[in-house]
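Below: one structure, written as structure tokens.
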Number of protein chains: 2
Amino acid sequence: MATSMPTRRVTTYDIAKSLGVSRATVGFVLNDTPGQTISEATRTKVLQEAQRLGYRRHSAARTLASGRSHIVLLVLPDWPLDFSLRRNIEEASLTLDQAGYTLVTYTPHSSGQARPLWESIQPDVVLTLNSFAPGQAEAIRAAGITRLIPDPEAPPSEDYIDNGPALQLEHLAELGHTVIAYAGLNDPKVADLVNGRRDRAQKTATALGLRPISWRNINLTDESALAAIHDWRTAGVTAIAAYNDDVAAALTGAALRGGLTVPGDLSIIGLDNTPLSSMFQPQLSTINVDTAGLGRYLGRLALSSIEGTPPPAAGPEMRATLIPRASTAPLQETENS
Amino acid sequence: MATSMPTRRVTTYDIAKSLGVSRATVGFVLNDTPGQTISEATRTKVLQEAQRLGYRRHSAARTLASGRSHIVLLVLPDWPLDFSLRRNIEEASLTLDQAGYTLVTYTPHSSGQARPLWESIQPDVVLTLNSFAPGQAEAIRAAGITRLIPDPEAPPSEDYIDNGPALQLEHLAELGHTVIAYAGLNDPKVADLVNGRRDRAQKTATALGLRPISWRNINLTDESALAAIHDWRTAGVTAIAAYNDDVAAALTGAALRGGLTVPGDLSIIGLDNTPLSSMFQPQLSTINVDTAGLGRYLGRLALSSIEGTPPPAAGPEMRATLIPRASTAPLQETENS
DNA sequence: ATTAGCCACTTGCGCGGGCTAGTTCCTCTA
DNA sequence: TAGAGGAACTAGCCCGCGCAAGTGGCTAAT
């Protein structure tokens, strides 16, 4: 094999020349440019020739000429990419891809990457899952990017996804529990999320006329979980809403090893509907979040922002739903220490 | 505030005009173009004006003109991004950044993203940590990218990092153990890694004149770990080398809960030197891998490939080192079933 | 006196493709 | 039979920047 000399890349010009048409025509075909009429014969000729020559668009040239990079940047927080998040991203990516956009994910690292990614690739939109860190939105704007989602100016619309904690509380209340605790995760990286969910739970409790829930952040260890359970038991707690399924699992495991029964002595409900939650013994009641649906929604949100169309309606399929299983049960009206 | 009319972006032309110099001069200053002599006065004038006008380079135009995107793409496998991997990436990113390149990470998702990232952003190099999946290298080449690391044509140089398993075996052998088992992780996503390390361990055992190690992949559950331990104990195994610290922790925990002592009855050594390993009780012997150093090395490797300079020497600081702690001990010459 | 060479720049082409403003040809009326 | 109108294209500018090739002025060497 000859060490393939730097064989120039195939351009629209090559296609045009070899077909005896103009570059513009080729461009129109390749982009399905609206408002252009191209005969079916020419269209297929161009497409075939492009295929034959192995044409691939030059994204940089396209970006330069059109002013749009067709790249959507998703700024991720520093949390571990768990099961549900990955599904979410994947689905958003797919949605965007179908519209000709590419999703790039990026985690700004603390140890100061000098040139943030949004400067290097000029995305059309920058997304984030929670909200932009202080100063971050300004930095992105300064790089010439005008479309940020969620809009840093808009008030935080906490409401549109995270109704999971509300469902947890409603479920437990419905089972007759009145003394409920909230178990967060003691990890600074997700502190914001934990606090957000807890607040949501607290509000729901108030709305339901329950007494204010007591909360505590635990580590995923037996000791930590047991200590929390011990305190809550002495305070008369009969049900726990957990930040996520991992926390619920830790609590349930600790409770069982500590000689309690679940849900007999203690009802515990998680959130996320991870595969683990249904394999656990007892199977954990939890909240299912349609991550795939959320991902698609995020993708459509980005598209609407780019194309200036009205934002997609948040479909009901995206609301969290309760998955009652074996770790929650009606309050037993028995001896209470 | 006037809804800032679409205020055109600042270009080198603007700087040049406002300073009364040519665009080229501005470009030379902004890029420190070698082989060009620019007076200090002009240089600072240009820099100041660029600053004042808020100039930011247009990456697409730069890519188009120069033929290089200054982007390095790191294709990640589908594993969870654990502690050490993140450090690794971060360090590589930093190294590249200092040379004016940007590292973008990307995980191809199974559910078929239509347009892989390397087509959308035309990176100068595509890196991967292990090796390219079958067909992947060809796909990348087809997109016009010529620089792949590791070179798919080169024979796998298994040797340059993963001497960790060898160290594990040597350590255990040195302590007098002769019947040693290897515990992998039963997760299809990391199967290649597991197999690679196990092979490495196996080879070392042979080289040391030990009898072939028996191996088994476990899940991170008590039952799975206990079952493995039980079988190995009946086979006379006195020491276990684990795929990583998590596996070592699972085994150690299970052994203790199963009534054995570690390292009294069983020596166990992990790999990765995760924070967990030193917090465990007993503290786990493990292998430290200089992930930060490896990250820097990867970055330099990419740079050398782009700039055509000879590849960096793999410094000794990148070799794995043994961290002997409390979970391994000399073989007890006692009753052996 | 001529030439060579350096300094500090400038001119201008081209990267690949989008897109506006034509142009040509054909068909269909009145 | 002219003219309107549309279908099916083409010409050519422009995007912002890199870079090769120049350009005039000046000094140092032949």
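The values are calculated or read from the model by the stated rules, or taken from the named source; none is laboratory data. Please read these numbers as outputs of a predicted model, since none were measured by experiment. Note that each Cβ is placed from the backbone with ideal geometry, even for glycine, and that neighbours are counted across all protein chains shown. With ligands, DNA and RNA removed, areas are computed over all heavy atoms of the protein, side chains included. Shrake-Rupley method; radii C 1.70, N 1.55, O 1.52, S 1.80 Å.
Here is how the numbers come out for the structure above:
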{"read-out": "Scan of the range A:27-80 for residues that are closer than 30 Å to residue A:116 by Cα, more than 12 Å from DNA strand C (Cβ to nearest atom), open to solvent by 60 Å² or more (accessible area, probe 1.4 Å) and hydrophobic (A, V, I, L, M, F, W, C), ordered by number", "value": "none"}
{"read-out": "Filtered residue count, the range B:36-91, keeping only those that are among the hydrophobic types (A, V, I, L, M, F, W, C), closer than 30 Å to residue B:291 by Cβ and within 13 Å of DNA strand D (Cβ to nearest atom)", "value": "0"}
{"read-out": "Scope the range A:280-293; condition open to solvent by 20 Å² or more (accessible area, probe 1.4 Å) and over 20 Å from residue A:226 (Cβ atoms); matching residues", "value": "A:283, A:288, A:289, A:290, A:291"}
{"read-out": "Enumeration of residues in the range A:48-80 that are within 11 Å of chain B (Cβ to nearest Cβ) and either small (Gly, Ala, Ser) or on the phi > 0 side of the Ramachandran plot (or both)", "value": "A:54, A:59, A:60, A:61, A:65, A:66, A:67, A:69, A:70"}
{"read-out": "All positions within the range B:81-93 that are surrounded by fewer than 22 Cβ atoms within 10 Å (Cβ to Cβ), within 7 Å of chain A (Cβ to nearest Cβ) and not charged (D, E, K, R)", "value": "B:81"}
{"read-out": "Members of the range B:205-225 that are over 20 Å from residue B:170 (Cα atoms) and open to solvent by 70 Å² or more (accessible area, probe 1.4 Å)", "value": "B:220, B:223"}
{"read-out": "Pairs with Cβ under 6 Å, 6+ apart, first in the range A:14-32 and within 14 Å of chain B (Cβ to nearest Cβ) and within 15 Å of residue A:57 (Cβ to Cβ), second open to solvent by 50 Å² or more (accessible area, probe 1.4 Å) and within 10 Å of DNA strand C (Cβ to nearest atom)", "value": "none"}
{"read-out": "Selection from the range A:12-35 of residues that are more than 10 Å from DNA strand D (Cβ to nearest atom) and β-branched (Val, Ile, Thr)", "value": "A:15"}
{"read-out": "Leading residue by the ranking (modelled with the highest pLDDT) among those in the range B:254-279 that are closer than 19 Å to residue B:82 by Cβ and surrounded by fewer than 20 Cβ atoms within 10 Å (Cβ to Cβ)", "value": "B:278"}
{"read-out": "All positions within the range B:313-332 that are without any contact (Cβ under 8 Å) to a residue 24 or more places away in the chain and open to solvent by less than 30 Å² (accessible area, probe 1.4 Å)", "value": "B:315"}
{"read-out": "Qualifying residues in the range A:16-26 (those that are within 12 Å of DNA strand C (Cβ to nearest atom) and outside any loop (DSSP other than H, G, I, E, B)) - the one farthest from the chain's Cα centre (by Cα)", "value": "A:17"}
{"read-out": "Residue A:98 modelled with pLDDT of 90 or more and either surrounded by fewer than 16 Cβ atoms within 10 Å (Cβ to Cβ) or in contact with a Phe, Trp or Tyr (Cβ under 6 Å, 6 or more places away or on another chain) (or both)", "value": "yes"}
{"read-out": "Subset of the range A:253-264 [of a type outside the set (Gly, Ala, Ser), part of a loop (DSSP other than H, G, I, E, B) and free of Cβ contacts under 8 Å to residues at least 60 places away in the same chain]", "value": "A:260, A:261"}
{"read-out": "Of all residues making up the range B:129-147, the number that are surrounded by fewer than 21 Cβ atoms within 10 Å (Cβ to Cβ), more than 9 Å from every other protein chain (Cβ to nearest Cβ) and on the phi < 0 side of the Ramachandran plot", "value": "13"}
{"read-out": "Criterion: touching a residue at least 40 places away in the same chain (Cβ under 8 Å) and either buried (at least 18 other Cβ atoms within 10 Å of the Cβ) or more than 14 Å from every other protein chain (Cβ to nearest Cβ) (or both) - qualifying residue of A:202, A:122", "value": "A:122"}
{"read-out": "Any hit, the range B:309-323, residues being more than 21 Å from residue B:200 (Cβ to Cβ) and assigned to a helix (DSSP H, G or I)", "value": "no"}
{"read-out": "Counted residues, the range A:94-103 - those being of a type in the set (S, T, N, Q) and at the interface with chain B (Cβ under 9 Å from one of its Cβ atoms)", "value": "2"}
